[in-house]
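No lab work stands behind these numbers, since they all come straight from the coordinates. Quantities reported herein were computed from a predicted structural model and do not represent experimental measurements. No Cβ is skipped: glycine too gets one built from the backbone with ideal geometry, and neighbour counts run over all protein chains shown.
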Amino acid sequence: QAARLRDGARVLAVFTGHPDNLERAVRCGRELFSRVQLQTNDWPESWRLGGAIHQGAVVFGAVGSEARRDYTVIGNLVNRTAHLCGAAEPWELLLPREDWEQLPRDLQNMFSREVPIKTKHETEPKMLRSHRRKDLTDTPW
C-alpha cells in the first residue's frame, strides 16, 4: 500500500507473512484515510491524501554501503504502485481489478467505481477500482 501526502511526500507500507495481506492493506488504507480526515477536517485543502494498493513480489532489505545503508523496498511493483498513487485524486484509493477480485464482498463494495488510469510508461489507460469520498465529513470511511 502506498499513500501520497501533501507536497508529494509518500508513505509505503508492506504487508507480509499473513494469508490475508491484501485485505489487511485495504483496511489499513481505509483507516489511514479516515484518521487523517478526522484530524484535518478544519483544513481539508492542505491535506490531499491519495493512495493505491497493489500486491505482488518485491525485493526488500538493506541496501548500500557501511557508510550509508537503508532498509528499502524496490521492484516494478513498487514503482507501479507509486505511479498509481500519484494518479489518485484527492481522497481516492485505487486498486487494480485483479486485486479487487480477491477481496471479500464487503471490501469489494467499497470500490464501487471503475476508472481509467494512465501512468508513466503506459501507452493505454488501465481500468482500476476506485473508492473516493465526495465530501469531507466527521464520519469515518
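For residue 57 and residue 23, calculate 0.36 nm times their separation in residues minus their Cα-Cα distance, and state this gained length in nm to one decimal.
Values: separation 34, 0.36 × 34 = 12.24 nm, distance 1.65 nm.
Once the chain is fully extended between residue 57 and residue 23, it gains 10.6 nm.
If you count, for each residue, the other Cβ atoms within 10 Å and average over each peptide, how do 75-88, 14-27 line up from highest to lowest? Walk me through the numbers before you get to the answer.
Working: 75-88: 18.5, 14-27: 13.7.
Ranked by mean Cβ neighbours within 10 Å, highest first: 75-88, 14-27.
Report P(r) for region 64-128: all Cα-Cα distances, bin width 10 Å, range 0 to the bin holding the largest distance, values in whole percent.
Calculated over all Cα pairs of region 64-128, the distribution is 17, 42, 25, 11, 5 percent.
Quick check on region 26-137: take the gyration tensor over C-alpha atoms, sort the square-rooted eigenvalues as a ≥ b ≥ c, and tell me if it's rounded (a/c under 1.5), prolate or oblate.
On the way: a/c = 1.81, a/b = 1.30, b/c = 1.39.
Judged from the Cα gyration tensor, region 26-137 comes out oblate (a/c at least 1.5, b/c at or above a/b).
What ranking do 59-67, 105-113, 125-133 get when scored by the average of other Cβ atoms within 10 Å per residue, highest first?
Details: 59-67: 8.9, 105-113: 12.9, 125-133: 17.4.
Top of the packing list down: 125-133, 105-113, 59-67.
In region 50-79, which residues have a backbone nitrogen under 11 Å from the label point lying 7 Å from residue 102's Cα in the Cα-to-Cβ direction?
Residues 54-57 qualify, since their backbone N sits under 11 Å from the label point.
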